[in-house]
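Below is one structure, written out as structure tokens, with a few remarks after it.
Just so it is clear, none of the values below were taken in a lab; they were calculated from the coordinates. Keep in mind the model is a prediction, meaning the values are calculated, not measured. Glycine also receives a Cβ, built like all others from the backbone with ideal geometry; neighbour counts cover every protein chain displayed.
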Amino acid sequence: MSTREYEHAEVEVCPGGPLLVRGEQTVQTFDGDEYRTCGPLTALCRCGKSASAPLCDGTHKLLPPEKRP
Ligand code: FES
């Protein structure tokens with residue numbers, strides 16, 4: 001996953017959870033799909049288990065700690 005406007009992107013890693021992206025950014029997944037973030041804060045899945053990928057849906061909280069990103 002990458003962000004096109006990375007020079008302006010503010011990204012924070014949530015330990016054991018998602019990437020938190022601030023502001024409007026274009027995110028490209030490994031499949032080449034693009035997703036436009038909106039709103040002040042967007043949580044992007046890092047565990048690969050979200051049913052709402054590329055968004056985090058909280059599923060990472062159900063994983064055992066050793067399986068979390
Ligand atoms: S990081 Fe939250 S569902 Fe994957």
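Nearest 20 debye, what's the magnitude of the dipole of segment 2-67 about its Cα centre given +1 on Lys and Arg Cβ and -1 on Asp and Glu Cβ?
Charge dipole of segment 2-67: 280 debye, to the nearest 20.
Applied to segment 43-57, the Karplus parametrisation 6.51 cos²θ - 1.76 cosθ + 1.60 on θ = phi - 60° returns per-residue 3J(HN,Hα) values of 9, 9, 5, 10, 8, x, 10, 5, 7, 10, 3, x, 7, 6, 10 Hz, with x for Gly and Pro.
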